[in-house]
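Structure, as C-alpha cells:
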Amino acid sequence: MFKVAIVVAADRLNVQAANAFLKTLEEPPPRSILILLSSDPQRILETICRAVCVWNFAGESGPRLERGANRLAGDVQRNRGERAEKSL
C-alpha cells in the first residue's frame, strides 16, 4: 500500500517551504507518492522541477485523461521512484 500526499498550488510555496519540501523529495518516505499540482509550473523552484516527473493534463478530459492517469499509475508501479518527464 502507498501513502499519497497532494500539494495543491505548489507554485505558491515560498522559498523556505520549497527548500524544505525539496528535502522530502530527495529522501521520500518509503512507499510514498507525492503529487504537486500547479496552474503556473514556471513559478516552481527549478531544483524541485528536476526532482519530479512532469505530467501535463492541461485541457484534457474524459477517456484521454483516464488513459494518462492509468499510465501514470503504471509508471509509478514499474519505476518506483525513477524520474522521467512524461506528457500526454
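Of the conditions (1) modelled with pLDDT of 80 or more; (2) exposed (fewer than 15 other Cβ atoms within 10 Å of the Cβ), F57 fails just one. Which one is it?
(1)
Tell me the residue from A10, A20, A51 that is loosely packed, with under 14 Cβ neighbours inside 10 Å and aliphatic (A, V, I, L, M), please. Before the answer, list the steps.
Numbers: A10 fails: loosely packed, with under 14 Cβ neighbours inside 10 Å; A51 fails: loosely packed, with under 14 Cβ neighbours inside 10 Å.
None of the others qualify; the one that does is A20.
Being touching a residue at least 12 places away in the same chain (Cβ under 8 Å), assigned to a loop (DSSP other than H, G, I, E, B) and polar (S, T, N, Q) is the filter here, so list the residues in the range 32-62 that pass it.
S38, S39, N56 - these are the residues of the range 32-62 that are touching a residue at least 12 places away in the same chain (Cβ under 8 Å), assigned to a loop (DSSP other than H, G, I, E, B) and polar (S, T, N, Q).
Any residue at all in the range 31-42 that is surrounded by 13 or more Cβ atoms within 10 Å (Cβ to Cβ), modelled with pLDDT under 75 and not charged (D, E, K, R)?
No: zero hits.
The values are calculated or read from the model by the stated rules, or taken from the named source; none is laboratory data. Computed from a prediction, not measured in an experiment: that's the story for all the values here. Because the Cβ atoms are built from the backbone with ideal geometry, glycine has one as well, and the counts that use them run over all protein chains shown.
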